[in-house]
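Some notes on the structure that comes next.
Coordinate-derived values only; no laboratory data. Computed from a predicted structure; not experimentally measured. Cβ atoms come from the backbone with ideal geometry, glycine included; neighbour counts cover every protein chain shown.
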Amino acid sequence: MVAMTAPQYEIRARYTVTTVTVYQAYRPELGLPAARDGRFPPAWKRDRMTWIKPSFLWMMYRCGWATKEGQETVLAVEITREGFDWALEHAELSHYVRGLHPDRASWSRSLRRAPARVQWDPERDLRLNPLPYRSLQLGLTGEAAARYADEWTVSVTDVTPLAREIHHLVRAGDLTGASALLPVETPYTGPTEDGEGAPRPLPAP
């Protein structure tokens, strides 16, 4: 579990030197073929905004441990770090912040042009209660959504059984056992000019 002293705005994710894992939840008719084939099927709408979440527990909060209608299949989507970094570099905050943006009109124009948007929501604990620091949601639209589905995706795994197993342990009061099954998420580092990893700044209020 992430310590309570975590920075308020920080990406925490499961990642390797080449990939980042993000989570999404879909109805079985879409999620199961995606997991089976390792890519999104033609029915996946490439012209709509899609939101990816590096936080497993925030995904559990959003989909209600895979119980909400239309979100019964939870996918772990492994994408290239290059693609993830591109989305971050081309993202705009999902809401206007006085002092960060010149004015509301400038922010609105930037948001319309941006193929990605950053939104920070309270991270969640195993009981899905809010924590005092934020979790990243990254919205992809237009070019970013198409590249996510057709270029960046490395693998798609159905993690619904894992979600249900952890939920069962939480309901039984075994938080230690549930915590042991969580994907390990650590502060994400992005590329620097010399190719080494370093914490990357992100739009934050």
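Laid out as a table, the results:
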| item | result |
| --- | --- |
| Equivalent ellipsoid semi-axes - Cα gyration tensor, segment 1-64, angstrom | 26, 14, 11 |
| Answer label, with Cα extents along the principal axes in Å calculated from the coordinates and candidates (1) 55, 46, 27; (2) 51, 43, 36; (3) 69, 40, 29 | (2) |
| Expected-Rg normalisation [2.2 N^0.38 Å, Cα atoms] applied to segment 50-164 | 1.16 |
| Value at 222 nm in deg cm²/dmol, rounded to 500, when DSSP H runs of n ≥ 4 in the chain each add -39,500 (n - 2.57) | -8500 deg cm²/dmol |
| Dimensionless Rg ratio for segment 97-169, taking C-alpha atoms and the 2.2 N^0.38 Å reference | 1.53 |
| Cut-off 15 Å between beta-carbons: net charge of the residues surrounding Glu165, Lys and Arg +1, Asp and Glu -1 | 0 |
| Size of charge dipole - the chain - debye, nearest 20, with Cβ of Lys, Arg +1 and Asp, Glu -1, no other charges | 720 debye |
| Burial ranking of peptide ranges 119-132, 37-50, 150-163 (average Cβ count within 10 Å, highest at the top) | 150-163, 119-132, 37-50 |
| Whole-Å distance, taken between Cα centres, linking segment 24-64 and segment 127-171 | 8 Å |
| Computed over segment 24-111: relative contact order in percent, which uses C-alpha pairs under 8 Å that are six or more apart | 34 percent |
